[in-house]
Amino acid sequence: MNLLPTLLLCIVLLFSGCSQPPSFKSTDISGADWGKELALTDHHGQPRRLADFKGKAVVVFFGYTQCPDVCPTTLLSMQAVLGALGTDAGRVQVLFVTLDPARDNAQLLAEYVTAFHPSFIGLHGNEATIAAVAKDFKVFYARHAGTTPGSYSIDHSTGSYVFDPQGRLRLLVRHGETPDNVAADLKLLLAGK
């Protein structure tokens, strides 16, 4: 009995299973019908839209400059992601959208975001514009009074949104995801996956 045809069939089936498309580490939200537009002003005073970054993978994070923990750790993580991407880092744009337009003016945003990486862009708008953008991205945020008069903190969603180079919303990155996993996901998007 000749086992060669059966053996060849088994090998072909084994390797065909290896050609499955790679899976993302982050949550795949491709096709989501939200997070469609972002029209704000950058920390240089220039109006910005998502379309301005077509051809790049775009990571959008909502926060505020006086955030004690989530915002700085997310931006530090994105700094590490860019480092892990090497030459592909120039094909990624990180956008930080303030949820605190009363305190986060252009100068403060410029100092804050560029302290993490010179390519990061801070975006701001008035209260109504920020509220509309946050609603479109399904971002929760709420202001809480602080211990002194006039002071406050802001509770907010902690995920980051990733758009592919064609401008489509593709991923939701959980807070605390490792930079290596985020970099791997971005490499897949940059490769057209």
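Structure notes:
- With the cut-off at under 18 Å, measuring from each backbone N in segment 20-61 to a point 7 Å along the Cα-to-Cβ line of residue 128 picks out 38-41.
- Residues in segment 143-171 that a label on residue 36 would reach, taking backbone N under 14 Å of a point 7 Å out along Cα→Cβ: 168-169
- Cα gyration tensor category, rounded, prolate or oblate, for the chain with a/c compared to 1.5: prolate
- Within straight-line cross-link reach of residue 25, aspartates and glutamates at Cα separation under 12 Å, skipping those fewer than 8 residues along the same chain: 177, 180, 185
- Selection of trypsin sites (Lys or Arg not before Pro), segment 113-153, meeting DSSP coil and at most 16 other Cβ within 10 Å: 138
- Each part gets one Cα centre, and for segment 154-187 versus segment 111-139 those centres are 15 Å apart.
- Sites residue 180 and residue 155, calculated FRET efficiency, Cβ-Cβ separation with R0 45 Å, nearest 0.05: 0.95
- Axial C-alpha extent at least 15 Å, average Kyte-Doolittle at least 1.6 - helices from the chain (DSSP): 4-16
- Calculated [222 nm] ellipticity per residue, helices only, for the chain: -10000 deg cm²/dmol; basis is -39500 (n - 2.57) per DSSP H run with n ≥ 4, divided by all residues, nearest 500.
Where a number appears in this text, it was derived from the coordinates with a stated rule and is not lab data. What you are looking at is a predicted structure, and each value in this text was computed from that prediction instead of being measured. With ideal geometry, Cβ positions are generated from the backbone for all residues, glycine too; neighbour counts draw on all protein chains shown.
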